[in-house]
Amino acid sequence: MEHVKCECGHVNPHGTAFCESCGKPLADLGEKPLLDMRYEGSARRSQTYKKTMIDQIWAFFSSVKVGVALIVITLIASVIGTIFPQQMYIPPNADPAEYYKQQYGWAGKLYYELGFNNLYGSWWYILLIALIGVSLVICSLDRVIPLYRALKRQGVKRHPRFLERQRLFGVSHVSDLDKTMAVLKERLAKRRYHVREEDGHLLAEKGRFSRWGPYVNHIGLIIFLIGAMLRSVPGMYIDRVMWIPEGETKEIPGTNGRYFLKSEKFIFETYEKGKDNEVFNAAIDRVGNGMIAKNYQTNVVLYKRVGPVIPGAKPKLEKVKEYPIRVNEPLEFDHYALYQVDFRLNEPKAMSFQLADKQSGKTFGTVTVDLYDPKESYNLGHGYRVELLSYFPDFEFDEDGNPSTKSRVPNNPAFVFKMYAPDRPKGEVSFVAIQQTIEPFGNNKYKMAFAGLQTRNVSGLTVRRDFTLWILGVGGAIFMIGLIQGMYWNHRRIWVQRVNGELWIAAHTNKNWFGLKNELRRLLDGTGVMMPADQLENEKKAGQGGQAHGTA
Amino acid sequence: MKKQQRLVMRTVILLVLLAAIGYTIYTNFFTEKTAVAVGSTAPDFVLTDLKGHEHRLSDYRGKGVFLNFWGTWCKPCEREMPYMNELYPIYKKQGVEILAVNVGEPKLSVEKFAERFGLTFPIVIDRQDQVLNAYNVGPLPTTFLIDKNGEVKQIITGTMTKDDIQRHLESIKP
């Protein structure tokens, strides 16, 4: 590829639309009256070199069309992802393959089979986002560098053909060129234009930094994407769920066994009439007394493990602090934050039974079975004794019709007791489930009568640690700066030149032509210089006029 | 000369971008499944078995360890238990231990289960899910094959046939 030497002596890269220095159109523009000022007519690299594979890949990603297509595809996919709930929001014990089919029919089945159930974490979605990132980087590089070069090298004196092909262009005859030029120069400087002078020609420019707005904006986006990418680096981002019942001490997941949490109490409060401020009465009446949640709170104690971390070993714990975790008031420690996000009220903890004579109803003592760690044998004295033969926390009959358990959570506890009494030394077996008693070996004399259920509340907490948040913040801030930079400032340029004893004025702005025209009007007021004409508008008018004529 | 530079520059930028994407995809889809990767040292732990004996993984250095996570409600776990039980005495003599970690169920349930199948290998209970967390075990059963140097050789999720188990036990003989 060869460089192109303009008649002004400036050497331009191949592919340049008009000379970087003097603005003389290099390519044959034919009848086109106006210059395309985008990217200052500079040679976008990707458009000019397509020899190697690398260049072809580069050219592909540098296309704005490709970028827009990627964004549109991602948007459509994201929309589809909201049609049915994502997998993380379906009940945790449900089989997704079954769940989607059951709930949403064939559409749900298709949804699951195409992988939309876990869309935002799927490899192709992440790949799409990554490709948008690549497109951003390459599009920006491919444009900002030539643009910077072109703006830096622009000469003050422009070729007349550059001037007459600007949208705002006018030719005036003034009596004293020198004086008019001086007045204009002073007025331009007053309007905070940066004025350069060369051989009696003027180039006034302001707001050039607005041209960098989109690229600053892209840098912000790229930093944002890097932040999002870093979330997958181990240790940078932790988002775990922790269920903790009242009274229990558990390891906090995601802390590698270094921190433990004890839940003292879970508190659920509602708005009640009479107890709360009167202003709430109307709302309470509308929704119902005790129906509006007021507070979800878990009172916890945070412990730190001292000594080496060996999973399973009884940890030596050191109290760090007590804290009431409430919604939006997380417990914060060591860059971790524990949020109150969920709860389960009245989870079964222990069940009590009385050993009773079925006939007389006489009782011989109470047995309390811990549903999480039941004892095997319960001695009631006076020769009465109960043994727990089997325990099914989440009872069901399996395929073979045998009693079994579905999980380790006591959702539906069932027990096989063997009851010993002085008159039944061999014992009687009784199968006890909720609302149901089976005596597998015939009629028993004794029974285990339900005597009460101890419950406790369970708090659902989210464990969060995020070292990427500040990166996302910085990226977001830069994004906004770029946006403001590009939106609220315009890059305006005014060329004033003497051509054959006439005063030529041309002006260009990257946006807000209305503002530029107003500024020019004020600038030229009383100088005897004619207001430059808007060639684009004239052309449009002419076109419309012609059309109207044609149809009439 | 300049063209050469440009090509190098473009290649470098594309490679950097490709590396970033590759890394993201890799960490998201190929490393998340377990915290303990094949080839890494199996995290140490201490748990107590049904008889009250403490088992510390690092005490088994020099022997292969067949570490099986299971629950009594899990039918696939139940199916492979008898095979493990059958092969246990044979491979114990050859320096491979079977250690079954129950995922925090009541001792009573585990005892009854062990009685029902006459299990002879040590069964430990992970009451607080600490070992489960450390190994990031998802579905049950999950089995870690650990060699004599304490290195994880293989991670198997799902039920195994007797042949599978034998092959796996064979693979971690010291």
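Residue by residue, here is whether (1) under 30 Å from residue A:535 (Cα atoms); (2) more than 10 Å from chain B (Cβ to nearest Cβ); (3) crowded, with 21+ Cβ neighbours inside 10 Å holds:
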position	(1), (2), (3)
A:118	no, yes, no
A:127	no, no, no
A:146	yes, yes, yes
A:155	yes, yes, no
A:165	yes, yes, yes
Checklist outcome for this item: From the option list A:214, A:253, single residue qualifying as under 30 Å from residue B:18 (Cβ atoms) and not aromatic (Phe, Trp, Tyr) is A:214
Item to check | Criterion (among the hydroxyl-bearing types (Ser, Thr, Tyr) and within 13 Å of another protein chain (Cβ to nearest Cβ)) met by exactly one of B:48, B:41 | outcome: B:48
Checklist entry - Within the set of pairs 6 or more residues apart or between chains, which connect a residue that is without any contact (Cβ under 8 Å) to a residue 60 or more places away in the chain and assigned by TED's automatic domain parsing to the domain that holds residue A:128 inside segment A:56-75 to a residue that is assigned to a helix (DSSP H, G or I) and surrounded by 15 or more Cβ atoms within 10 Å (Cβ to Cβ) with Cβ atoms less than 8 Å apart? => result A:57/B:14; A:59/A:46; A:60/A:66; A:73/A:128; A:74/A:125; A:74/A:128; A:74/A:129; A:74/A:132
Checklist outcome for this item: Scanning segment A:251-299 residue by residue, those more than 30 Å from residue A:310 (Cα to Cα) and assigned to a strand (DSSP E or B) turn out to be A:267, A:268, A:269, A:270, A:293, A:294, A:295, A:296, A:297
Next on the checklist: If I ask for residues that are at pLDDT below 75 and surrounded by 13 or more Cβ atoms within 10 Å (Cβ to Cβ), which ones from segment A:1-46 would you list?
Outcome noted: A:29, A:33, A:43, A:44, A:45, A:46
Checklist entry - Of everything in segment A:378-393 that's closer than 15 Å to residue A:421 by Cβ and not aromatic (Phe, Trp, Tyr), which residue is nearest to the other protein chains (Cβ to nearest Cβ)? => result A:387
Item to check | Which listed residue, of A:140, A:78, is in contact (Cβ under 8 Å) with a residue 40 or more places away in the chain, farther than 30 Å from residue A:209 by Cα, polar (S, T, N, Q) and in a helix (DSSP H, G or I) | outcome: A:78
Item to check | Members of segment B:126-174 that are more than 17 Å from residue B:37 (Cβ to Cβ), surrounded by 22 or more Cβ atoms within 10 Å (Cβ to Cβ) and in contact with a Ser or Thr (Cβ under 9 Å, 6 or more places away or on another chain) | outcome: B:141, B:165
Next on the checklist: Given (1) more than 10 Å from chain B (Cβ to nearest Cβ); (2) without any contact (Cβ under 8 Å) to a residue 24 or more places away in the chain; (3) surrounded by fewer than 17 Cβ atoms within 10 Å (Cβ to Cβ); (4) not aromatic (Phe, Trp, Tyr), identify the lone condition not met by residue A:414.
Outcome noted: (3)
Item to check | Out of A:465, A:522, sole residue that is assigned to a strand (DSSP E or B), charged (D, E, K, R) and modelled with pLDDT of 90 or more | outcome: A:465
Checklist entry - Does at least one position in segment A:92-110 carry a residue that is under 25 Å from residue A:225 (Cα atoms), within 14 Å of chain B (Cβ to nearest Cβ) and surrounded by fewer than 16 Cβ atoms within 10 Å (Cβ to Cβ)? => result no
Next on the checklist: Being surrounded by 12 or more Cβ atoms within 10 Å (Cβ to Cβ) and within 17 Å of residue A:529 (Cβ to Cβ) is the filter here; which residues of segment A:183-196 pass it?
Outcome noted: A:183, A:184, A:185, A:187, A:188, A:189, A:191, A:193, A:195
Checklist outcome for this item: Filtering segment B:1-51 for residues that are under 20 Å from residue B:134 (Cβ atoms), at pLDDT below 85 and charged (D, E, K, R) leaves a count of 2
Checklist entry - For segment B:78-106, what are the residues that are within 12 Å of chain A (Cβ to nearest Cβ), at pLDDT below 90 and under 18 Å from residue B:142 (Cα atoms)? => result B:78, B:103, B:104, B:105
Checklist outcome for this item: Just one listed residue, out of A:486, A:482, A:476, is among the small types (Gly, Ala, Ser), farther than 30 Å from residue A:518 by Cα and not in a strand (DSSP E or B), and it is A:476
Checklist entry - List pairs: first in segment B:10-31 and within 8 Å of chain A (Cβ to nearest Cβ), second part of a helix (DSSP H, G or I) and of a type in the set (Gly, Ala, Ser), Cβ under 6 Å, 6+ apart or cross-chain? => result B:21/A:130
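The values are calculated or read from the model by the stated rules, or taken from the named source; none is laboratory data. In this text, all values refer to a predicted model and were calculated from it rather than measured experimentally. Reconstructed Cβ throughout: ideal geometry from the backbone, glycine too, with neighbour counts over all protein chains shown.
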